[in-house]
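Just below is one structure, and these are the notes that go with it.
The values are calculated or read from the model by the stated rules, or taken from the named source; none is laboratory data. A quick note: this is a predicted structure, and the numbers were derived from the prediction, not measured. Glycine also receives a Cβ, built like all others from the backbone with ideal geometry; neighbour counts cover every protein chain displayed. Each accessible area value is taken on the protein alone, full model and side chains, heavy atoms only, with ligands, DNA and RNA left out. Shrake-Rupley method; radii C 1.70, N 1.55, O 1.52, S 1.80 Å.
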Amino acid sequence: MSEFLAVAMVVAVCALLLVGYPVALTLAGVSLGFAGIGAASGAMNLALLGALPARIFGVMSNDVLLAIPLFIFMGVMLERSRIAEDLLETMGRLFGALPGGLGFSVIVVGVLLAAAKGVVGATTVTMGLIVLPTMLRHGYDKALAAGTVAATATLAQIFPPATVLVLLGDQLSNSYQAAQLEQGNFAPQTVSVADLFAGAIIPGLVLVLLYLLYLIGIAIFFPHKSPAIAPDPDAPRGFALARRLIAVLVAPIALILAVLGSILGGIATPTEAASVGAVGAILLAALRSGATGLLKPVMVRTTQITSMIFVILIGATLFSLVFRGLGGDVMVERALTNLPGGVAGATLAVMAALFLLGFVMDAFEIIFVVVPIVAPVLLKMPGVDPVWLGIMMAVNLQTSYMHPPLGPTLFYLRAVAPREVTTRHIYLGIIPYVLIQLAMLVALWFLPALATWLPHKLYGS
């Protein structure tokens with residue numbers, strides 16, 4: 001009876017999310033409802049809910065999660081200070097004379113925005129409003145332009161300091177320690193956010209390289225789809241262009257390198273580095289003309305996004321507590337360990353489930369709800385590296401975010417795209433990038449060192 005209720009609770013949550021109910025309220029409301037049903041039927045002891053206040057206090061006092069509002073503040077401040085527009089304009093002039101040059105510029109600017117913002121929705125909206133009209137104005141194929149913007153914006157899911165990686169690192173750390181304790185190891189090893197940041201760098205750069213190679217192939221074989229930009233006689237050239245490039249490029253790159261370098265070098269924790277990034281973003285905005293008055297709207301937007309994340313986390317904490325109280329975690333472990341194919345079969349089943357859930361649930365919801373249930377089971381299995389598992393999950397969620405027909409990135413872009421760009425254009429344009437993402441997942445499966453080499457090099461085993 002208890003396991004039936006656990007399955008029914010998951011189904012009820014997915015159904016209500018599809019209908020459009022708010023995520024946090026759905027998670028909390030359904031969990032309380034099924035806790036009552038479980039208590040009435042004798043399948044669950046309501047005393048278990050007494051652990052909820054302590055869990056919520058632990059979430060709100062978690063030092064790692066303090067990095068979330070700071071990273072969000074940094075991204076919103078860089079967005080509102082209009083640094084992206086300057087970057088795109090200058091990079092477009094640098095590469096624009098080449099076929100496909102504007103596309104190359106979009107990838108470079110998108111990577112910088114992804115590293116600065118760390119939130120897919122915000123990056124997609126920013127690039128959709130700024131980059132997509134520019135590409136269309138210069139004669140780019142609608143499908144190619146839309147696909148390039150959507151895929152590049154989704155790099156915010158994997159490129160450090162992505163918010164997803166911070167949350168995933170926190171959840172995997174808890175899961176990894178729980179898995180080792182269950183195996184009798186009372187001095188467990190840890191996995192940190194810094195480990196995941198280091199593990200994501202090589203896969204992220206490989207994805208960028210593959211994106212660029214795809215655009216180069218389009219420029220060579222279908223030059224009409226990505227034409228060169230007509231020269232502007234009034235645009236700066238030579239030394240003036242180089243000076244302009246340095247002016248708009250050096251400061252954001254220096255800020256990103258300072259944040260990531262301090263984390264990867266062990267100089268600062270993610271929270272400390274995030275505070276450096278937030279202060280640096282304020283200084284960059286203050287140095288720009290017309291950047292006054294940004295602090296209040298940036299604070300408001302940061303508070304909105306942060307509140308959304310933590311309310312979902314609290315709802316997911318209640319869901320996880322009730323799910324475990326109904327014996328759902330035991331059922332999941334039994335199901336995964338009995339799958340054919342052993343470790344590989346269990347891992348593939350989890351990856352397929354995450355991919356499909358990415359159509360229905362936000363990445364934050366999946367991390368808070370699903371990862372604490374499946375990760376301890378997988379991490380108890382022989383040969384499963386926590387960093388590799390985390391990067392596989394991140395790239396997997398990134399792929400589902402941009403996969404037609406239900407990828408959230410596609411809906412974000414559809415909402416801000418010009419009228420002449422149809423849903424069909426977006427779907428057709430994103431398909432090659434989805435294939436690149438799937439190829440990356442296959443490469444990570446057969447070459448785990450893509451994710452594990454750098455963390456092991458930096459921090460040892």
Review point. From Val311, Val332, Val350, Val322, which residue is within 30 Å of Asn45 (Cβ to Cβ) and touching a Ser or Thr at 6+ places or on another chain (Cβ under 8 Å)?
Key: Val322
Check your understanding: Out of (1) more than 20 Å from the chain's Cα centre (by Cα); (2) open to solvent by 20 Å² or more (accessible area, probe 1.4 Å); (3) within 25 Å of Ser2 (Cα to Cα), what's the single condition that is false for Gly342?
Key -> (3)
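Results for (1) surrounded by fewer than 21 Cβ atoms within 10 Å (Cβ to Cβ); (2) at pLDDT below 75; (3) touching a Pro at 6+ places or on another chain (Cβ under 6 Å), shown as yes or no for each residue.
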| residue | (1), (2), (3) |
| --- | --- |
| Leu52 | yes, no, no |
| Arg93 | no, yes, no |
| Arg137 | yes, no, no |
| Ala145 | no, no, no |
Practice item. State all residues of the stretch 1-14 that are in contact with a helix residue (DSSP H, G or I) (Cβ under 8 Å, 6 or more places away or on another chain) and either over 23 Å from Ser307 (Cα atoms) or free of Cβ contacts under 8 Å to residues at least 60 places away in the same chain (or both); if no residue qualifies, say none. Key: Met1, Ser2, Glu3, Leu5, Ala6, Val7, Ala8, Met9, Val10, Ala12
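Of all residues in the stretch 1-30, how many are of a type in the set (Asp, Glu) and under 20 Å from Leu354 (Cβ atoms)?
Of the stretch 1-30, the ones of a type in the set (Asp, Glu) are 3.
Applying the additional criterion that residues be under 20 Å from Leu354 (Cβ atoms) yields none.
The total comes to 0.
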Practice item. Quick one: count up the residues across the stretch 52-86 that are of a type outside the set (A, V, I, L, M), without any contact (Cβ under 8 Å) to a residue 40 or more places away in the chain and either assigned to a helix (DSSP H, G or I) or under 21 Å from Leu260 (Cα atoms) (or both). Key: 3
Revision key, fill the gap. Output for Cβ contacts, cut-off 6 Å, separation at least six or different chains, first residue closer than 14 Å to Val369 by Cβ and in contact (Cβ under 8 Å) with a residue 60 or more places away in the chain in the stretch 15-30, second surrounded by fewer than 17 Cβ atoms within 10 Å (Cβ to Cβ) and of a type outside the set (Gly, Ala, Ser), reads Leu17/Val360; Ala24/Val311
Revision key, fill the gap. Exception for Ile430 within (1) of a type in the set (A, V, I, L, M, F, W, C); (2) farther than 30 Å from Phe323 by Cα; (3) surrounded by fewer than 24 Cβ atoms within 10 Å (Cβ to Cβ) falls at (3)
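Quick check on Ala150: is it out of contact with any strand residue (DSSP E or B) (no Cβ under 6 Å at 6 or more places or on another chain), in a helix (DSSP H, G or I) and at pLDDT 85 or above?
Numbers: out of contact with any strand residue (DSSP E or B) (no Cβ under 6 Å at 6 or more places or on another chain): yes; in a helix (DSSP H, G or I): yes; at pLDDT 85 or above: yes.
Yes: the conditions hold for Ala150.
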Revision key, fill the gap. Log entry, pairs with first residue in the stretch 240-251 being open to solvent by 40 Å² or more (accessible area, probe 1.4 Å), second being modelled with pLDDT under 75 and not in a helix (DSSP H, G or I), beta carbons closer than 8 Å, six or more apart or on different chains, reads Arg243/Pro236; Arg244/Pro236
**Study point:** Selection within the stretch 256-272 - open to solvent by less than 30 Å² (accessible area, probe 1.4 Å) and assigned to a loop (DSSP other than H, G, I, E, B)
**Key:** Ala268
